[in-house]
1. Specify, for chain A, the residue whose C-beta is closest to the rotation axis mapping it onto chain B, with the distance given in whole Å.
2. Identify the residues of segment A:327-364 with backbone N under 15 Å of a label point that sits 7 angstrom from the Cα of residue A:405 along the Cα-to-Cβ direction, or state none.
3. Averaged across B:287-294, how many Cβ atoms of other chains sit within 10 Å of each residue's Cβ atom?
4. At what distance in angstrom do the alpha carbon centres of segment A:265-283 and segment A:382-441 lie from each other?
5. Can you give the average number of partner chain beta-carbon atoms within 10 Å of each beta-carbon in peptide B:211-220, as a whole number?
6. Restricting to Cα pairs below 8 Å that are 6+ residues apart, what does the relative contact order work out to for segment B:268-436? Please round to a whole percent.
7. As I understand it, the dipole of chain A uses +1 on the Cβ of Lys and Arg and -1 on the Cβ of Asp and Glu, about the Cα centre. Which of A:303, A:331, A:112 lies farthest toward its positive end?
8. Taking each label point as 7 Å beyond Cα in the direction of the beta carbon, state the distances from residue B:70 to the same residue in the other copies, shortest first, in nm.
There are 2 protein chains.
Amino acid sequence: MRGRNGETLALDPQELAKRHPAEVAELLHRLPEKEAVELLRELYKVRAAADSLEEMDPDEAAELLEELPQREATAILSRMEPDDAVDVLEELPRDVVEEILGHLQTLDREKAEILRQLFAYPPDTAGGLMSPEHVALPADITVHEAIERLRRVAAEAETIYYVYVVNEAGRLLGVLSLRDLVFAKPSTRVREIMRPEVVTLRPEMSAEEVAQAFDKYGYLAFPVVDEAGKLLGIVTMDDILDTVILRDTEEMYKMVNVPREERVDTPWYESLRLRLPWLYINLATAFLAASVVGAFEGVIAKISALAIFMPVVAGQGGNAGMQTVTIVTRGIALGEVPPGRALRILAKEVLLGLFNGLAVGFVVGAVAFVWKHNPFLGLVAFLAMVGNMVIAGLVGASIPLGLRALGLDPALASSVILTTFTDTLGFFLLLGLGYMLQGVL
Amino acid sequence: MRGRNGETLALDPQELAKRHPAEVAELLHRLPEKEAVELLRELYKVRAAADSLEEMDPDEAAELLEELPQREATAILSRMEPDDAVDVLEELPRDVVEEILGHLQTLDREKAEILRQLFAYPPDTAGGLMSPEHVALPADITVHEAIERLRRVAAEAETIYYVYVVNEAGRLLGVLSLRDLVFAKPSTRVREIMRPEVVTLRPEMSAEEVAQAFDKYGYLAFPVVDEAGKLLGIVTMDDILDTVILRDTEEMYKMVNVPREERVDTPWYESLRLRLPWLYINLATAFLAASVVGAFEGVIAKISALAIFMPVVAGQGGNAGMQTVTIVTRGIALGEVPPGRALRILAKEVLLGLFNGLAVGFVVGAVAFVWKHNPFLGLVAFLAMVGNMVIAGLVGASIPLGLRALGLDPALASSVILTTFTDTLGFFLLLGLGYMLQGVL
């Protein structure tokens, strides 16, 4: 699939249909859009389009589907795993979704209903991640009958390694692994060997909480149940691996204000369009810091040595603050910060800011004293450094904790907000103290 | 497990042994070390210590084991899954590892041999992640015989959902899922239903490449083979979920220079000890930038307005550079940057720096002109901004690409290196241009 020739050779849809869908998905990703749409229509004819689209990024899959005639797009979506199909629907304009679901209603009423229900859950919740295609069995059949039933549904189920036992109302009674079934006596009742204590998820749980459950218990799948204990669907580990990678990418991007749509192979003009707004936002906050410097221009003109320590005081505050932001944001994402501990974490970071400030401020103050032979310049640099480090700890912890308390994403634009504080207040402390002590500087 | 009372009540080891090991691991993690060691020894008596340690962070598990008598530590390690046991060994001092393995040799020669072999692979490779406890079957037995064999080894294998078919020399011939076995006729030969085309890993592959394979193919496990095709072990998806979360955490930490050992609940004096060295390194580079400002102190004393634009030029360069660093580092981690594309990515980021610089520089220049009524100050600010943005793109892409080319981790201390360049060169451009044009400023 490397060079031009390789690609042309590999474009026979019959041949491609035999390859792993992930490899076909990679090919679709690399082709120019027009050729990718052509190939997708060819794959559709040999019924291999749905599998490949399941393996693509949902937003890319949606872009390709939008270019197809609606009849073909609907047919492909109806053949995809429902949880993957819904991920693609989330990326399409609302009216296109309604048209497709309306069309699907006439083709496959049941499928349309399933997709509609899944579509109602936000995509970053257990409900949005789950697949309805699990295996549910009654408790009173035998192991032999259970294996027979499994054989019939195996092709359609998302996993058959976990089998769920439910009552007539669909309430979850227990779980069995395929392993349990295979090694049990065929005449045993399912009820006797099922494990009644099941770790379940609720549909409104966040993707983070779901990832934590996988991380903690190491299971391959979890059942999702409503408040009455009715089994709604399952979330499998491969769903969550994608989600974790995407979550972490977005967390890193947000921390340094990179647009979430961008990847390393985004064309440059597209990158420009995406990044420039963030740089302008940064610029606005930089001018806020600059206006503080502007207000003290008279002091700088008299005591130009202060300008030397401006980048040191502001930069160290920014660095220490980003350490705090990163550790707190990551702790929240990994579920290590219960709301009751928020105040203790804030207090710890302020205390750390004080001690880090004393340690760093002492060096900065000493350098200022030795360089310019003025103990008062050393004192100003020391005090500004300590003050800015305390501010960095306070603001660095408050941003993610505060965003979470407001129900927002803790990683949201953290570095812009942080450096606005550490720059503006850092300059204000340094130059303000310089102004007050200008008689002796 | 919340309050003091709850904890005391829950500390009965008999009761704890019935809980999910992940919950016991969480309790061990929250207890003060002395109490955790006590509890571990109690769990050891009821043979429940190994399961809980498997669920802990390896470095924490190692700390607890170091406090135990060597005989108990060795016994617990020998009962852990070998891949988890080796993760713990990696965290122990070399001489302790040798003592433990020597001791284990006398207890369970085979187990000691397995651990020694796994220990030889670096922990962040497929070899270091793999478990030797897979199920391997000859090709000529029947499905019925295969299921009987599975029943015997099921308790010890890491997974029985994939079964590997090997020849007498241990060479991998094909793979079967438990699903294939359960639904095949009992008299069929394994050879007839196995899939001969297996996606395999090599032991020297990096954890990143392994994570990419899981992400791409969506399988639950991959076999690891040597160059002769001999089956060495398997890597399962739950191993890689931990690895991905840890990799992403470390990537974020390195980008902003947070020590990798720190978590949100690290005690403050420990955090101080861990973070302060990074702040001192930052301080050294900040003084480098400050010395540039110091060299131009005379210009600043004459044209104090230049001080206003120092934080703007340096800060924007740092922000734009971190966007580049983050996108390139993340692209490398997700396997989207083949070495042949490195130059194209570098060129793109430099071009972007130029255009972003023109767009941002125009605003900065205009503000400088309007604020200070001096077109030359505007010109200086504009040129310094454009130059620093180009440097930010060049350096921001070169750091991760260069670190990788040197065989180092692309995320290593990226922000310190980047801001050293963007601050130092940003100040140099602004103040140097100011110096050259001081006659008209």
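Computed from the coordinates by the stated procedures, all read-outs in this text should not be read as laboratory data. Quick caveat, the model's predicted, so the values are computed rather than measured. Please note: Cβ atoms are built from the backbone with ideal geometry, for glycine as well, and neighbour counts cover all protein chains shown.
1. A:248, 2
2. The answer is A:338-350.
3. Shielding by partners across B:287-294 averages 6.
4. When both Cα centres are located, 26 Å separates them.
5. Per-residue shielding by partner chains comes out at 5.
6. Here the relative contact order equals 35 percent.
7. Positive-end residue among those listed: A:303.
8. Ordered by increasing distance: 7.7 nm.
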